[in-house]
Amino acid sequence: MNYPYPSQEVDNTMPLQSWDVLSLSIGYMVKRHMQESTYLINLGNEQGWDFSSDLLDEIKHNTHKAIVLTDTEQTIVWVNNNFINLTGYPSSELLGRNPKFLQGKKQNQPAANKIRKDLSKAKPTTQNVINYRKSGDAYLCCVKIYPLFNKQQELVNYIAFEDEINPDAA
């Protein structure tokens, strides 16, 4: 079967260009996620984190989530780009602060109390909390927090994975 040859006047490259842009965007996101997970794994190796298989899976497979790393005093020492995008704060306004500053008047107090209780016992915890973006808009998110221990089983950091939740779907 013969297909008509497109005329010189028809721009038949647009769908290809659209896919090219999409593939570049997806490629960039995949590369960034790989870089962030590699960074965290290397940082953990340098600091002697005792990786559990659950934590390694979280790091390798969930860099599409917002991630925040704190020290033992819960001072933010690193955030990924998704955390910056979720909160609207640049890293310069996040580093050195306690993540509690994202809480506000609508905070889910039972969830905040459970997080505080679990962290005081150095236990992992998962809770839904209401945080606030830099713009002042509230958002609901599921926060999964892991205490990070070194090889001597001393607490050295906390890492949290956050995923925004659509309140209508929750």
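What follows is calculated from the coordinates using simple rules that are stated; it is not laboratory data. Keep in mind that this is a model prediction, so the values were computed, not measured. All Cβ positions, even for glycine, are placed from backbone atoms using ideal geometry, and neighbour counts span all protein chains on display.
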Loop only per DSSP, at most 14 neighbouring Cβ atoms within 10 Å: give me the GluC sites (Glu not before Pro) in region 111-170, ordered by residue number. Glu154
Tell me which of Gly104, Ile115, Gln74 sits at the most positive position along the dipole axis of region 57-118, charges placed on C-beta atoms (Lys, Arg +1; Asp, Glu -1). Gly104
Inter-label distance for Glu46 and Phe101, nm, one decimal - labels placed 7 Å from Cα along Cα-to-Cβ: 2.4 nm
Estimated distance in nm for a label pair at Asn150 and Ser120, the labels positioned 7 Å out from Cα along Cα-to-Cβ: 2.6 nm
First measure r as the distance between the Cβ atoms of Ser135 and Glu73, then evaluate 1/(1 + (r/R0)^6) with R0 = 45 Å and state the FRET efficiency to the nearest 0.05. 0.95
Mind pulling up the Rg/Rh value for region 42-149? Radius of gyration and Kirkwood radius, both on Cα. 0.94
Full-extension gain between Tyr39 and Gln109, please, as 0.36 nm times their residue separation minus the C-alpha to C-alpha distance. 21.8 nm
